[in-house]
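Written out below as structure tokens is the structure these notes cover.
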Amino acid sequence: MDMHTGQLTIPPEVVRGLVDEQFPEWRGLPVRAVAPAGTVNAVFRIGDRFAARFPLVPGDVESVRRGLASEAAAARELLGRTRFPTPEPVASGEPGPGYPLPWSVQTWLPGAVATDEDPGGSVGFGHDLAEFVAGVRAIDTRGRTFGGGGRGGDLRDHDEWMRTCFSRSGKLLDVAPLRRMWRHLRDLPPAATGDVMCHGDLIPGNVLVSDGRLAGLLDVGGLGPADPSLDLVGAWHLLDTGPRRAFRADLGCDDLEWERGKAWAFQQAMGLVWYYVDSNPAMSRLGRRTLDRLAADAAQSR
């Protein structure tokens, strides 16, 4: 089942043809599909060193091209700024036979995504994740502030989306206590420190793990200035109680920052549960697990 309305289909033979035509130097390299961990791109390995990413959602060619260019710029800005590997942009592909949009090629990173190798019980992973978040925060914003799209600004801007989530979740979740939780979280005051650089989407499918430690980060194209608490979603999407405590201690989060991190994790998780319940059950289960962690933490705090 498609995850999005009008979702594009990209067969491996189409990818083979686009690669051979536009990058003849790679004609001898095998092309193979990667089991999807994300929701907005189909990913194909090209040999052992590269990954081609094809947007799944239809769009205007020039808008998609600008978006891919922005993602590549963000990837370059993050590259080498922490000790954890992140993808490096390699090339840009153009529309061609069988596929109507621009696409991109980046370096392939080894490691298992956290959906396949759960690091939730690893205190070492909690320390690693905190180190990554701190390293990203240390990148100079160069005067930039949150651009107003998606998560990372005013929590109350998401009220309409949350009403949609609550209305769509009635047969899936006990919505009444979740509504109460959102009423509390949405009214948290903004951070006094101003925006900092954030990865923006620290969910298991974007995190690589090896032997219980952080091995790399994916989908780094959303890097940008935002609420300092935004990347704290990783504490709830990825970590059990002990590693979560280590993560918070390393970052020195005060109560307000920690609560706002809960708010962003809650906002994201509510959408995952119903939107992907049929089309991507693993993403739906992620949302449920995050909500369960948030509820358990709230119960312990009473």
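Considering segment 21-80 alone, what residues qualify as being of a type in the set (G, A, S) and either within 16 Å of P110 (Cα to Cα) or part of a loop (DSSP other than H, G, I, E, B) (or both)?
G28, A33, A35, A37, G38, G47, A51, A52, G59, G80
If I filter segment 262-284 down to residues being part of a loop (DSSP other than H, G, I, E, B) and among the polar types (S, T, N, Q), which single residue comes out as surrounded by the most Cβ atoms within 10 Å (Cβ to Cβ)?
N280
Please go through (1) in contact (Cβ under 8 Å) with a residue 12 or more places away in the chain; (2) open to solvent by 20 Å² or more (accessible area, probe 1.4 Å) for W182 and return the number of the only condition it doesn't satisfy.
Every listed condition holds for W182 apart from (2).
Can you pull out every residue in segment 135-158 that is in a helix (DSSP H, G or I), open to solvent by 30 Å² or more (accessible area, probe 1.4 Å) and out of contact with any helix residue (DSSP H, G or I) (no Cβ under 6 Å at 6 or more places or on another chain)? Can you show your working first?
Taking segment 135-158 and keeping what is in a helix (DSSP H, G or I), we get 135-137, 155-158.
Narrowing the set further to residues that are open to solvent by 30 Å² or more (accessible area, probe 1.4 Å) leaves 137, 156-157.
Correct list: R137, D157.
Based on this model, can you work out whether F50 counts as aromatic (F, W, Y), out of contact with any Gly (no Cβ under 9 Å at 6 or more places or on another chain) and over 28 Å from G287 (Cβ atoms)?
yes
Working carefully through the options S63, S70, find the one that is open to solvent by 30 Å² or more (accessible area, probe 1.4 Å) and free of Cβ contacts under 8 Å to residues at least 12 places away in the same chain. Talk me through it step by step, then tell me what you get.
Details: S70 fails: free of Cβ contacts under 8 Å to residues at least 12 places away in the same chain.
None of the other options fit; the residue is S63.
Find the residue count for segment 90-104, including only residues that are assigned to a loop (DSSP other than H, G, I, E, B) and either open to solvent by 60 Å² or more (accessible area, probe 1.4 Å) or within 15 Å of A75 (Cβ to Cβ) (or both). Full working, then the answer.
Here is the first cut: in segment 90-104, the residues assigned to a loop (DSSP other than H, G, I, E, B) are 94-95, 97-98, 100-102.
From the residues that got through so far, the ones that are either open to solvent by 60 Å² or more (accessible area, probe 1.4 Å) or within 15 Å of A75 (Cβ to Cβ) (or both) too are 94, 97, 100.
The number of residues fulfilling the criteria is 3.
Out of the residues in segment 131-179 that are polar (S, T, N, Q) and in contact (Cβ under 8 Å) with a residue 12 or more places away in the chain, state the one that is nearest to L272 (Cα to Cα). If you could, list the steps in order and put the result at the bottom.
First pass over segment 131-179, keeping only residues polar (S, T, N, Q): 141, 145, 164, 167, 169.
Filter again for in contact (Cβ under 8 Å) with a residue 12 or more places away in the chain, leaving 141, 145, 169.
On the way: T141: 30, T145: 27, S169: 10 Å.
My answer is S169.
Kindly evaluate G126 against the criterion of being closer than 25 Å to L286 by Cβ, open to solvent by less than 30 Å² (accessible area, probe 1.4 Å) and outside any loop (DSSP other than H, G, I, E, B).
Spelling it out, G126 is indeed closer than 25 Å to L286 by Cβ, open to solvent by less than 30 Å² (accessible area, probe 1.4 Å) and outside any loop (DSSP other than H, G, I, E, B).
Among the residues of segment 210-220, is any among the polar types (S, T, N, Q) and over 28 Å from R163 (Cβ atoms)?
The initial filter retains those residues of segment 210-220 that are among the polar types (S, T, N, Q), namely 210.
Now narrow it down to the ones that are over 28 Å from R163 (Cβ atoms): 210.
Among the residues of segment 210-220, at least one is among the polar types (S, T, N, Q) and over 28 Å from R163 (Cβ atoms), which makes the answer yes.
Of the residues that make up segment 134-141, is at least one closer than 18 Å to L232 by Cβ, in contact with a Phe, Trp or Tyr (Cβ under 6 Å, 6 or more places away or on another chain) and among the hydrophobic types (A, V, I, L, M, F, W, C)?
No, segment 134-141 contains no residue that is closer than 18 Å to L232 by Cβ, in contact with a Phe, Trp or Tyr (Cβ under 6 Å, 6 or more places away or on another chain) and among the hydrophobic types (A, V, I, L, M, F, W, C).
Sort out which residues of segment 30-64 are within 15 Å of A91 (Cα to Cα), out of contact with any Pro (no Cβ under 9 Å at 6 or more places or on another chain) and among the aliphatic types (A, V, I, L, M), and write them in order of number.
Correct list: A52 only.
The values are calculated or read from the model by the stated rules, or taken from the named source; none is laboratory data. Computed from a predicted model, the values in this text were never measured in an experiment. Neighbour counts run over all protein chains shown; Cβ positions are idealised from the backbone, glycine included. Keep in mind that these areas ignore ligands, DNA and RNA; they rest on the heavy atoms of the full protein, side chains included. Shrake-Rupley method; radii C 1.70, N 1.55, O 1.52, S 1.80 Å.
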